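Quick notes on the structure that follows.
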Amino acid sequence: MGYMVDTAFIVKFTPLYIEAMGLVLELCFFGVLFSLIIGLFCAIVRYYRIPVLRSAAGVYIELSRNTPLVIQLFFLYFGLPRVGITFDSFTCAVTGLSFLGGSYMAEAFRGGLEAIGRGQIESGLSIGLSRSQLVRYVALPQALAVAAPALGANVIFLLKETSVVSIVALADLMSLAKDLIGLYYKTNEALLMLVAGYLILLLPLSGLFRFAERRLRYAGFGN
Amino acid sequence: MTDTMILDRLNAVKPAEERGAPLLEISHLRKEYDGVPALRDISLRIDKQEVVVVLGPSGCGKSTLLRCMNGLERIQAGEILLDGGVLTTEKTDWRLIRQKIGMVFQSYELFPHMTVLENILLGPLKVQKRKRKEAETAARVLLERVGLYEKRTAFPRQLSGGQKQRAAIIRALVMEPEIMLFDEITAALDPEMVREVLDVMLELARSRMTMVIVTHEMQFAKAAADRIVFMDEGEVVEDSPPGDFFVKPKTERARRFLNIFQF
């Protein structure tokens, strides 16, 4: 006895999985890109306590971190059209991921910025650097090194979060597996391929971040 | 500009006739932290080419005074003038002022992600918008003067404390400031490295750089100072030539302070 894996099924649907993996990567890429931009912006306005913007960023971060992505996507996909704003599925998913990821990235950057000693800022000021020069030449390079592990973890987190985008009618890995199970009852094969698909995407990414993190640590900041 | 011209400019001993004109004037300065006074009513005048050493027990406000001089601390009352211009108005552009006031910190505060040379060139290139070639030459001349030219591509973590502090001095000097402020810059150093940093300051004093030095190095104060300012509890208690201060201090507080250093 024993279960026979249906290799023909696996071979047949591998191209579909690869396609879905492509979509996941694409979503993740744009989601991460915009998350980083939003996160950096929020972290800087909060770090410099810029009035109004700082409170707005605070409200956004709380809202974004304390609501699930599914709800955010529902709102974008089904809620906004009622007031006349419509997105296509892909834009909707990227917007949702960026909205969610932005706050996580903001907190990672903030951790990095806050790790910079007061003395570094003061010594930058005393050679006449402006605030923006201070951020660019002194604070950010050091903050990035500190924030790198958290930023990497957020990228992995966002990639995994793409698994709910089927609710805005996108054929990602998760929805593909569900569809195949529904159509062919090949639950084991479909789920096996699903796990393999995520691992193929995520393992190299984690490895890359671990490597980068080590390099940054060896770069050995700190006087 | 040729190398020799830069060299001449950097090595130039300032003309003696400038001596005695006021450079930095502080009047009735008051500084509080959350209502607790740190500086009560400070009036002080620093002349061009003068070396003033500020002494006093910990917490007497000497570091705070230094930090007020380049705008790192907001003051509650009083006035600071540099070269006759008032610094303490709302409109003061500290970015411009700070280029004329060099400051060196106890904890070096070199930028750890930059080499020695990058640390030194950041101000001249990004703040003063000087030409790279000219700034590099100026940096080289200064680095050679303190024996650090070989270390120009090293990162701060690869330097000893004394080397870091000399690099930090050069980072301030390369801006060609009118006055240098030193905030206990040897306090974090191992004893054998204190000397190399003090020597750099002594040499600066001889080239008639205007300096305000906060330190606990009494021998150095005796050797380098034109004037000793003794502070206690946020006030200037004595302001006299080192010969007078160390030999016959006028106040009981200064006598008690000096006795701590006697064995």
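The values are calculated or read from the model by the stated rules, or taken from the named source; none is laboratory data. Every value quoted in this text rests on a predicted model; they were computed, and no experiment measured them. So basically every Cβ, Gly included, is an ideal-geometry build from the backbone, and we count neighbours across all protein chains shown. All accessible areas refer to the heavy atoms of the entire protein, side chains included, with ligands and DNA or RNA removed. Shrake-Rupley method; radii C 1.70, N 1.55, O 1.52, S 1.80 Å.
Here are A:30, A:34, A:9: which of them is hydrophobic (A, V, I, L, M, F, W, C), closer than 18 Å to residue A:150 by Cα and in a helix (DSSP H, G or I)?
The match here is A:34.
Please verify whether segment A:81-95 includes one or more residues that are at positive phi, in a loop (DSSP other than H, G, I, E, B) and more than 14 Å from chain B (Cβ to nearest Cβ).
yes
Pick from segment B:54-72 the residues that are of a type outside the set (Ser, Thr, Tyr) and over 16 Å from the mean Cα position of the chain (by Cα): which of them is nearest to the other protein chains (Cβ to nearest Cβ)?
B:59
For the condition of a type outside the set (D, E, K, R), outside any helix (DSSP H, G or I) and touching a helix residue (DSSP H, G or I) at 6+ places or on another chain (Cβ under 7 Å), what is the one hit in B:263, B:246, B:220, B:230?
B:230
When you look at residue B:137, is it over 24 Å from residue A:122 (Cβ atoms) and either open to solvent by 60 Å² or more (accessible area, probe 1.4 Å) or more than 14 Å from chain A (Cβ to nearest Cβ) (or both), yes or no?
yes
Are any residues in segment A:37-68 of a type in the set (Lys, Arg) and in a helix (DSSP H, G or I), and if so, which ones?
A:46, A:54, A:65 - these are the residues of segment A:37-68 that are of a type in the set (Lys, Arg) and in a helix (DSSP H, G or I).
Can you name the residue in segment B:88-109 that is touching a strand residue (DSSP E or B) at 6+ places or on another chain (Cβ under 7 Å) and within 19 Å of residue B:176 (Cβ to Cβ) and, of all such residues, is nearest to the other protein chains (Cβ to nearest Cβ)?
So, considering only residues that are touching a strand residue (DSSP E or B) at 6+ places or on another chain (Cβ under 7 Å) and within 19 Å of residue B:176 (Cβ to Cβ), the one nearest to the other protein chains (Cβ to nearest Cβ) is B:103.
Yes or no, residue by residue, for (1) over 14 Å from the mean Cα position of the chain (by Cα); (2) within 14 Å of another protein chain (Cβ to nearest Cβ); (3) surrounded by 14 or more Cβ atoms within 10 Å (Cβ to Cβ):
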| site | (1), (2), (3) |
| --- | --- |
| A:72 | yes, no, yes |
| A:77 | yes, no, yes |
| A:98 | no, no, yes |
| A:106 | no, no, yes |
| A:109 | no, no, yes |
| A:129 | yes, yes, yes |
| A:132 | yes, yes, no |
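Taking segment B:122-134, which residues are within 13 Å of another protein chain (Cβ to nearest Cβ) and open to solvent by 30 Å² or more (accessible area, probe 1.4 Å)?
B:125, B:126, B:128, B:129, B:130
Look through segment A:111-120, keep the residues that are more than 7 Å from every other protein chain (Cβ to nearest Cβ) and open to solvent by 10 Å² or more (accessible area, probe 1.4 Å), and return whichever of them is nearest to the chain's Cα centre (by Cα).
Checked segment A:111-120; the qualifying residue nearest to the chain's Cα centre (by Cα) is A:111.
Taking the conditions exactly as written (farther than 19 Å from residue B:20 by Cβ and either open to solvent by less than 10 Å² (accessible area, probe 1.4 Å) or of a type in the set (Phe, Trp, Tyr) (or both)), does residue B:218 satisfy them or not?
No: the conditions fail for residue B:218.
Quick check, is residue B:207 under 23 Å from residue B:46 (Cβ atoms), of a type in the set (Gly, Ala, Ser) and modelled with pLDDT under 95?
Yes; evaluated as a whole, the condition is true for this residue.
Rundown of residues vs (1) open to solvent by 20 Å² or more (accessible area, probe 1.4 Å); (2) in contact (Cβ under 8 Å) with a residue 40 or more places away in the chain; (3) touching a Pro at 6+ places or on another chain (Cβ under 8 Å), yes/no style:
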| residue | (1), (2), (3) |
| --- | --- |
| B:36 | yes, no, no |
| B:56 | no, yes, no |
| B:60 | no, yes, no |
| B:65 | no, yes, no |
| B:77 | yes, yes, no |
| B:89 | yes, no, no |
| B:96 | yes, no, no |
| B:108 | yes, yes, yes |
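Any residue in segment B:143-154 that is part of a helix (DSSP H, G or I) and either under 19 Å from residue A:116 (Cα atoms) or open to solvent by less than 10 Å² (accessible area, probe 1.4 Å) (or both)?
yes
State whether one or more residues within segment B:155-169 are touching a strand residue (DSSP E or B) at 6+ places or on another chain (Cβ under 8 Å) and at the interface with chain A (Cβ under 10 Å from one of its Cβ atoms).
yes
Could you please find all residues in segment B:176-192 being open to solvent by less than 40 Å² (accessible area, probe 1.4 Å) and either among the acidic types (Asp, Glu) or farther than 22 Å from residue B:128 by Cβ (or both)?
B:183, B:184, B:185, B:186, B:189
Condition test on residue B:135, is it small (Gly, Ala, Ser), without any contact (Cβ under 8 Å) to a residue 60 or more places away in the chain, over 24 Å from residue B:53 (Cβ atoms) and not in a loop (DSSP other than H, G, I, E, B)?
yes
Residue by residue, here is whether (1) assigned to a helix (DSSP H, G or I); (2) farther than 23 Å from residue B:234 by Cβ holds:
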| residue | (1), (2) |
| --- | --- |
| B:40 | no, no |
| B:54 | no, no |
| B:72 | no, no |
| B:97 | yes, yes |
| B:107 | no, yes |
